[in-house]
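Here the structure is laid out as structure tokens; the discussion comes afterwards.
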Amino acid sequence: MSTPPITNMSTAMSLNAKSITVRVWRGTETGAFHTYTVPRFESQTILDVVTYVQRELDSSLSYRFACRVGMCGSCAMLVNGQARWTCRTHVSKVLVDTDVLEIAPLSNLPVIKDLATDMTVFFDKWAKAKGQFQGTRTRHETFAQVRPDSAERRAADAGIECIGCGVCYSSCDVVSWRPDYLGPAALNRAWTLANDVRDTNQLERLRAIAGDAGCHACHSHFLCTERCPKAISPTAGIAGLKKKVGRMAAKGEL
């Protein structure tokens, strides 16, 4: 007789000898890790583990996700102390030198509940860095064109791939030390716009990121670059901003 198909995750656990010990943060800024036992499956992601806990073990667990395919970035969490996209991180990649998963909310952000953080301060800093594009053309005019082979376009190539997931911000030591620091994501956005020849807000943007909490506060630890799931180097962009600000200051234009 063939084995009947598994229609329930709890049934799957009873049929699967392998399991994972998972410690999940429960609470807000104060709370504690709760321990769960989750079945181990092939090609299992961290998001699969969190979803199992919420659907099968504790429906009160709060977390955030949307696309599940690395497009939205909303599922970012701390996994064994490192900020990651949980939908694109496989259990097998993390459980190398340990047999315990520890899942917590992103660092440097207020915790709403459990694994869900408040991203307001993160996006407020984008606004402080003048991260909004400002052009001159209206909808009645033809599109402004940017040559793909221009030096400015090539300089902004990687940075425009940022989806605002917060992994770099959570990983940044400087944000931990001084909460007013604009952070790598906001400064990366400023860098892409500083290289956009269509943008008309260049001077105001450079002034916004030239202060003590701006680009010069970066210590070039490269943690943002190391952890970025999109392989962007905010550190390089911030270095570019430092040069631009220095040139403008030398001319007395800031």
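Loop-resident GluC sites (Glu not before Pro) (DSSP state other than H, G, I, E or B) in the stretch 167-254 with no more than 13 further Cβ atoms inside 10 Å of their Cβ: GLU253.
Over the residues of the chain, the helix contribution to mean residue ellipticity at 222 nm works out to -8500 deg cm²/dmol, using -39500 (n - 2.57) for each DSSP H run of at least 4. In terms of distances greater than 29 angstrom between alpha carbons, the cross-link table entries LYS93/LYS244; LYS93/LYS230; LYS128/LYS251; LYS130/LYS230; LYS93/LYS125 yield LYS93/LYS244; LYS93/LYS125.
Around the amide H of ARG26, modelled in the peptide plane, lie the amide H atoms of ALA32, PHE33, HIS34, all under 5 Å away and 5 or more residues distant in sequence or on another chain. Considering only alpha-carbon pairs that sit under 8 angstrom and 6 or more positions apart, the relative contact order computed for the stretch 95-143 is 18 percent. With R₀ set to 35 Å, the beta-carbon distance separating ASP97 from VAL121 gives a calculated FRET efficiency near 0.55. Other residues within the sphere of radius under 11 Å centred on the Cβ of LEU182, judged by their own Cβ, net out at +2 (K and R +1, D and E -1). Modelled this way, with points 7 Å down the Cα-to-C-beta line, the labels at LYS230 and ARG198 are 1.7 nm from one another.
Summarising the label geometry, the points placed 7 Å from Cα in the beta-carbon direction at GLN132 and PHE41 lie 4.4 nm from one another. Under a 5 Å amide H cut-off, with hydrogens placed 1.01 Å from N, ALA76 pairs with THR86 among residues at least 5 apart or on other chains. Between the amide H of SER19 and those of ARG40, distances stay under 5 Å, these residues lying 5 or more places away or on another chain, with hydrogens modeled in the peptide plane. By DSSP, the beta bridges lying fully in the stretch 9-117 are antiparallel in about 80 percent of cases.
Distance between the modelled labels on THR142 and ASP212, one decimal in nanometres: 5.0 nm (7 Å Cα→Cβ projection). Computed from the C-beta positions of ILE160 and GLU29, the FRET efficiency with R₀ = 25 Å rounds to 0.15. Longest stretch of the chain clear of exposed loop sites (trypsin sites (Lys or Arg not before Pro), DSSP loop, at most 10 other Cβ atoms within 10 Å, sites excluded): 19-136.
Values in this text are rule-based calculations from the coordinates and carry no lab data. Just so we're clear, the structure is a prediction, and the values are computed from it rather than from any experiment. Every residue, glycine as well, gets a Cβ built from its backbone with ideal geometry; the counts of neighbours run over all protein chains shown.
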